[in-house]
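Let me begin by presenting the structure, written as structure tokens, before commenting on it.
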Amino acid sequence: MIDFRSDTVTKPNTAMRQAMAEARVGDDVYEDDPTVTTLEHTAAKILNKEAALFVPSGTMGNQLAIMAHTARGDEIIVGAHSHIKNYEVGAAAVLSAVSFHLLEETRGILPLEALKQSIRGQDIHYPKTGLICLETAHGSGVVAPLEAMQAIYHFAKDQTIPVHLDGARLFNAAVHLNCPPAAIAQTADSVMFCLSKGLAAPIGSLLVGTKPFIEKARKYRKMLGGGMRQVGVIAAPALLALNTMTTRLKSDHAHAQKLAKQLAELPGFTVDFDALDINMVFVKTAYDREVLHNAMLKKGILLGGYKGDMMRLVCHHDITERDIDTCITALKAILPTL
């Protein structure tokens, strides 16, 4: 099956499975797992932060950051189309008892002037602005300019408001910007990034920040049931992904560019080339999406859904250039029958 639904669908390769089999392990709640410790130290070093915490998912990493940065009753500033707001089950309201102040993003970034106007004053009726949340690469397929993120961070520091970065696809963003991932990480006090998306590990994300912040987040992780035991068996492929998979992301981006160009040549397909910064292709189709998906499924190809008449097709470690050719050939054969 050729699966374009997401970069979360990759299967662990032979090296990852071997690393799992040979992993040195210990009880991570006691911080005794040497493989997890190595993974966390490696992540902190790469992003030039003091410490890191291995967590099962990006959602948990984001929520731990909100819990550790804020107090009950705070308001956090988030993008109206951000993952934290739209795709984390409203967890911030339940776990941290915070409310959202929504800002409309401009190509994935919070406009600085609108952000400045959103900071709460001392009026007795207002909640405190407890946190600013950024996201890059954004779920809409775009990468925020580094200068814009730096400007937000400098403003936030002046206001003594912490900044958290949902960097689920941080390394994709770094590839697009042609900069070290640490350069992006320095625009936030804490950063979450996923190992199970572009980096193709089978499970896990990392939260990085200062040592006191990570100590606080570690305790909240335990509270949420995320205190894992001999977890080196999944930290081992994650470490391998962090050390080896970051250098191959350019090929995913190149494959997405090729896929986008070929889709745009098909009748009834309109590609959003303005949202083509990383490995995701957003395309509108004039065809009934369910009918199209079912027809492609019979040919062994899974297309990604999104919203309304928009599809999202994602290139990843398990998608080859030949797979893209196979997809386009299948579409050309199917479309006249729809």
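Read the figures in this text as sums done on the coordinates, not as results from a lab. None of these values were measured; they are calculated from a predicted model. So basically every Cβ, Gly included, is an ideal-geometry build from the backbone, and we count neighbours across all protein chains shown.
With the simple model of a label 7 Å out from the Cα in the direction of the Cβ, Arg107 to Asn294 spans 4.0 nm. Here are some values of Cα extents along the principal axes in Å: (1) 58, 47, 46; (2) 62, 52, 34; (3) 61, 40, 37. Which one was computed from this structure? Given (1) 58, 47, 46; (2) 62, 52, 34; (3) 61, 40, 37, the structure-derived one carries the label (2). Pairs of Lys residues in the range 249-337 are counted when their Cα atoms are under 20 angstrom apart and they lie 8 or more places apart or on different chains; the count is 10.
For the chain, which longest stretch is free of loop sites, where a loop site is one of the GluC sites (Glu not before Pro) that DSSP puts outside H, G, I, E and B and that has at most 16 other Cβ atoms within 10 Å? Maximal segment without exposed cleavage sites: 105-264.
Estimated from helical segments only, the mean residue ellipticity of the chain at 222 nm is -12000 deg cm²/dmol, where each DSSP H run of four or more residues counts as -39500 (n - 2.57).
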